[in-house]
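Bear in mind that the values in this text are calculations on the coordinates, not laboratory data. Please read all numbers here as calculations on a predicted model, not as lab measurements.
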């Protein structure tokens, strides 16, 4: 396989889970967070998403090193590290808000929605940055 093919595999490994979350997460904007099943599904989506981002980014980093683009491998490694931290932060906050909702806190639903919007904004920013950097991965060396 050529170096460019490994670089393409790296970009795809990172973009696929990000693109899936871009498509799947807005559907929860139409759902009622008062329903425990809806929030259980949303929590599962977040959990799996960040795990897939972590796995895909580390695969992407390795593929970029194999593709002889080691400088660009730092990007996916950073994305993977951030995915680990973001998963812990989001799930911890989501669990706290779900507990507050179940205890009768009327504002917990609003905070859950805000957390959902923040996660979607984080993912959209990550997607935009990956797409913006992709041409530089394939640019001829100067």
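Brief remarks on what is shown
- Using alpha-carbon coordinates, inclination of helix 108-137 to the longest axis of the chain, degrees: 10
- Within the chain, helix-based [θ] at 222 nm, where runs of 4 or more DSSP H residues each add -39,500 (n - 2.57), nearest 500: -29500 deg cm²/dmol
- Degrees between helix 36-66 axis and first principal axis of the chain (Cα, 0 to 90, nearest 10): 10
- Angle in degrees between helix 70-102 and the longest Cα principal axis of the chain, rounded to the nearest 10: 10
- Overall form of the chain per C-alpha gyration tensor (a/c, 1.5; a/b vs b/c): prolate
- Alpha-carbon centroid distance for the pair segment 7-25 / segment 58-105, whole angstrom: 13
- Gyration tensor over alpha-carbon atoms, segment 40-111, equivalent ellipsoid semi-axes in Å: 35, 10, 6
- Most mobile of 55, 71, 109 in a GNM of the chain (Cα contacts under 10 Å): 71
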